[in-house]
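**Q** I have a structure I would like to understand better, so I am pasting it below and will then ask my questions one at a time.
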Amino acid sequence: MDALTFDALKTAALTLLAVFGAVATISKGLEAIRGFRKPRVELDENTARTLAEHQRMFDNDKRRLDGHEMQLGELRKLSQVQCVAMKALLSHEINGNSVDKLRTANDQLDTYLIGIGVGK
């Protein structure tokens with residue numbers, strides 16, 4: 001075995017320092033690349049989260065609007081039946097002989113009101 005010389009120790013130390021330096025340089029390079037990508041990744045995650053929240057709100061609003069539309073449809077039907085009944089009453093009051101119109105209007109009103117009671 002050869003004797004350990006100063007030049008051999010110096011070469012071993014320089015080699016070891018070069019390896020550590022290379023590892024540190026590569027590590028810092030990868031960290032810099034991750035640093036460049038991190039804002040984009042966070043932005044993508046925030047965008048996905050925001051889109052999911054907006055989709056949930058849109059779905060909720062659609063359910064509410066569909067319910068309102070259904071209620072408005074029922075109110076339109078009620079208004080139409082009430083107008084027919086009012087027209088029959090006015091016609092009877094004016095003519096004095098519109099009993100058939102009153103009966104028809106009464107039947108329509110009963111049909112509508114009974115339909116509401118059934119849960120139509």
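**Q** May I ask you to list the residues in region 1-55 that are among the polar types (S, T, N, Q) and either part of a helix (DSSP H, G or I) or in contact (Cβ under 8 Å) with a residue 40 or more places away in the chain (or both)? Steps first, please.
**A** Filtering region 1-55 down to residues among the polar types (S, T, N, Q) leaves 5, 11, 15, 25, 27, 46-47, 50, 55.
Answer for region 1-55, where residues must be among the polar types (S, T, N, Q) and either part of a helix (DSSP H, G or I) or in contact (Cβ under 8 Å) with a residue 40 or more places away in the chain (or both): 11, 15, 25, 27, 46, 47, 50, 55.
**Q** In region 47-91, which residues are under 14 Å from the mean Cα position of the chain (by Cα) and of a type in the set (D, E, K, R)?
**A** 49, 53, 56, 59, 61, 62, 63, 64
**Q** Inside region 63-108, can you point out the residues that are surrounded by 11 or more Cβ atoms within 10 Å (Cβ to Cβ), at pLDDT 85 or above and hydroxyl-bearing (Ser, Thr, Tyr)?
**A** Within region 63-108, just 104 meets the criteria.
**Q** Any chance region 38-46 includes a residue that's hydrophobic (A, V, I, L, M, F, W, C) and over 42 Å from the mean Cα position of the chain (by Cα)? It would help to see each step written out before you state the result.
**A** Keep residues of region 38-46 that are hydrophobic (A, V, I, L, M, F, W, C), which gives 41, 43.
Next, only the ones that are over 42 Å from the mean Cα position of the chain (by Cα) stay: none.
No - not one qualifying residue is present in region 38-46.
The values are calculated or read from the model by the stated rules, or taken from the named source; none is laboratory data. None of the values given here were measured: they were computed from a predicted structure. Cβ: placed from backbone, ideal geometry, glycine included. Neighbour counts: every protein chain shown.
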